[in-house]
Each structure stands twice: as structure tokens, then as C-alpha cells.
Amino acid sequence: MSEVEQSFDSQRKKIVEYLEQEGKGNKDVIWAYENINEPPYKFRKSDISSVLNGNRKYTQSVKWLITFLIKYFDLD
């Protein structure tokens with residue numbers, strides 16, 4: 001795993017930990033994503049779950065989603 005991928009994996013884990021601490025789940029992430037006007041990338045609900053579980057490669061769209069969630073949940 002490259003340094004960039006490790007950074008995004010660390011951010012992904014930070015999001016998952018935050019969701020667990022706050023009693024939130026995938027539905028909250030899906031709600032946040034679905035309320036974006038014209039998102040630059042399209043994700044299905046199952047795609048979002050896969051990203052949060054670490055089951056997706058860190059493509060440009062996945063990196064965008066993780067960055068969005070870090071900012072949305074004010075974790076930076």
C-alpha cells in the first residue's frame with residue numbers, strides 16, 4: 001500500500017471510529033452523500049458501504065468520498 005493509500009485508509013478508519021462513537025452508521029453517510037447537489041461521482045448505497053469497510057481500491061472517486069466525509073463530519 002502506497003503512502004497516499006495509507007493516508008486515505010487512516011482517514012477511512014477515522015470516519016468509521018467517529019460513526020461508532022456517535023452511534024451513527026452507513027445510513028448517515030448515505031444521507032449526507034444523497035444530499036449533495038450534483039456530486040462529481042456516483043455511488044450506490046452498497047458502494048458506500050464497501051468504501052467504509054475498506055473493500056474498495058483507492059480510486060479518485062473513493063478518495064473524493066473520503067475527503068468529503070472528513071469535511072462533512074468535521075474530522076480534519
query = What ranking do 63-75, 2-14 get when scored by the average of other Cβ atoms within 10 Å per residue, highest first?
reply = 63-75, 2-14
message = Quick check on the chain: helices-only [θ] at 222 nm, where DSSP H runs of length 4 and up contribute -39,500 (n - 2.57) each and the sum goes over total residues. Nearest 500, please.
response = -20500 deg cm²/dmol
query = the chain: percent of C-alpha pairs farther apart than 15 Å?
reply = 50 percent
query = Once phi is turned into θ = phi - 60°, what whole-Hz ³J(HN,Hα) does the Karplus curve with 6.51, -1.76 and 1.60 give for every residue of region 50-62, x standing for Gly and Pro?
reply = 4, 4, 5, 7, x, 9, 10, 5, 7, 7, 4, 5, 5
note = For region 1-64, averaging the sequence separation of alpha carbon pairs under 8 Å that lie six or more residues apart and dividing by its residue count, the contact order in percent is 43 percent
ask   = Taking only the alpha carbons of region 1-44, what extent do you get along each of the three principal axes, in Å, biggest first?
value = 31, 28, 14
ask   = Given a 1.4 Å probe and every protein chain left where it sits, what share in percent of the accessible area of the chain is carbon and sulfur?
value = 44 percent
query = Ignoring ligands, DNA and RNA, what accessible area per residue does the chain give at 1.4 Å, in Å²?
reply = 67 Å²
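The values are calculated or read from the model by the stated rules, or taken from the named source; none is laboratory data. Keep in mind that what you see is a predicted model, and the values were worked out from it rather than measured. Here Cβ is always computed from backbone atoms with ideal geometry, including for glycine, and neighbour counts include all displayed protein chains. Ligands, DNA and RNA are excluded from the accessible area calculation, which covers all protein heavy atoms including side chains. Shrake-Rupley method; radii C 1.70, N 1.55, O 1.52, S 1.80 Å.
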